[in-house]
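Please read the structure below before turning to the comments.
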Amino acid sequence: MNTLIIIGSGPAGLTSAIYASRSQLNPIVIEGMEPGGQLTTTTIIENWPGYPDGVDAQTLMSDMREQAKRFGTVFKNGEVTEIDLKNTPFTLTVGKEKMTTNAIIVATGATPKMLGLSEEKKLIGRGVSTCATCDGFFFRKKEVLVVGGGDTAMEEAIYLSTLAKNVTVIHRRDELRASKIMQEKAKNIKNINFIWDSVITEIHDVQKNTVTGASLKNIKTEEVTLKKCDGIFIGLGHIPNTEFLDNQLELDENGFIITRDGSKTSMPGVFAAGDVSDPVYKQAITSAGKGCMAALDAEKLIQGLE
């Protein structure tokens, strides 16, 4: 039986592993289908402390993995397909293998909702973004689009309005779904504009490997127009990766794991860290911080078991 299993290998999971392995907990990290987490889909990270010129996302996650490995973390490929939290020790299924453990840190992250266009994946980090606070700095004095009509989209637009020359919100309806206070705030900012009843049908230009604009289709008239821009921010929200838990932990209305007293979940011995339990900040640095907290909380629990 294992002492501690960490599910997820993004900033939260790897930070948990670094702390846990230095405490001689001999953690095992289940890397998931996207080793390194969502952060590896971007390019340069400019807001990670200690790197004045920014740091390549792939390099950062690789270095964090090697650091955890150096202290004794064991990495296992694959994803958790089943989990039993009703009985202790806990049981996890990874592929065809069943694993048992005294403690678990869930750090599976959250997946941003996308438009479903083929150009998105090709241009993510090259003009397409799902995080204004992460990437807005690259679009100072430029033209950007924000897709969506909820609070997430309005938050993105408001933040970008302080950096970009112009922000245009693209929404498929003729009114916003965001809270009234967010709507009014966005509408009162001079460099935020709105295009209603419209969807993006194509993002340009994959051949140039950068965003140059988007084709917009009015869903009422079916007219298609080209809107030039330097960046496109998808503000449709995130889906926390909690489906595999089968409702065995307490979740909020949007599916994020609820934590109390640090990183503790509704199940003693199970801790959560990173975007899977963070509907607000969703930053790599806050995920790393939560990963540290989860490892320390798990250490206290395990010391009590021993």
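Points to keep in mind about this one:
- Summed side-chain charge close to S266 - residues other than S266 whose Cβ falls under 10 Å, Lys, Arg +1, Asp, Glu -1: +1
- Free-standing Cys, the chain [no other Cys Cβ under 4.7 Å]: C229, C292
- Principal axis extents of the Cα atoms in the stretch 114-234, from largest to smallest and rounded to whole angstrom, are 40, 35, 21.
- Counting only Cα atoms, the size of the stretch 160-306 along its three principal axes is 67, 36, 31 Å, in decreasing order.
- For the stretch 199-276 versus the stretch 284-306, the gap between their alpha-carbon centres in whole angstrom: 27
- The angle separating the long axis of helix 57-70 from the principal Cα axis of greatest extent in the chain is about 0 degrees.
- Computed over the stretch 114-234: relative contact order in percent, which uses C-alpha pairs under 8 Å that are six or more apart: 31
- Listed peptides 154-160, 189-195 by packing density, highest first (mean Cβ within 10 Å): 154-160, 189-195
- Descending Cα extents along the principal axes, the chain, whole Å: 65, 38, 35
- Protection proxy ranking, highest mean first, for peptides 120-131, 214-225, 273-284: 273-284, 120-131, 214-225, where packing is the per-residue count of other beta-carbon atoms within 10 Å, averaged.
- Considering helices alone, the calculated mean residue ellipticity of the chain at 222 nm is -7500 deg cm²/dmol, with DSSP H runs of length four and up weighted by -39500 (n - 2.57) and normalised per residue.
- Counted by neighbouring Cβ atoms within 10 Å, the residues L60, L145 run from fewest to most as L60, L145.
- Average Cα contact separation per residue, the chain, under 8 Å, 6 or more apart, as relative contact order %: 21
- Antiparallel DSSP beta bridges within the chain, percent to nearest 5: 50
- Alpha carbon Rg of the stretch 84-168, scaled by the compact-globule rule 2.2 N^0.38 Å: 1.66
- Relative contact order (%) - the stretch 17-82, alpha-carbon pairs under 8 angstrom, separation at least six: 49
- Around G50: net Lys/Arg minus Asp/Glu count, Cβ-Cβ under 15 Å: -4
- Footprinting exposure proxy for R140, R65 (fewest neighbouring C-beta atoms within 10 Å first): R140, R65
- Summary of packing: across the peptides 15-23, 289-297, the per-residue average of other C-beta atoms within 10 Å ranks them, highest first, as 15-23, 289-297.
- DSSP-defined antiparallel bridges as percent of all bridges, the stretch 114-234, nearest 5: 40
- 10 °C / 1.306 mPa s Stokes-Einstein diffusion coefficient of the stretch 224-296, Kirkwood radius on C-alpha pairs, µm²/s: 114
Only the coordinates and a few stated rules stand behind these numbers; no lab work does. Values in this document were obtained by computation on a predicted structure and should not be read as measured data. Using ideal geometry, Cβ is built from the backbone for each residue, glycine included, and neighbour counts are taken over all protein chains shown.
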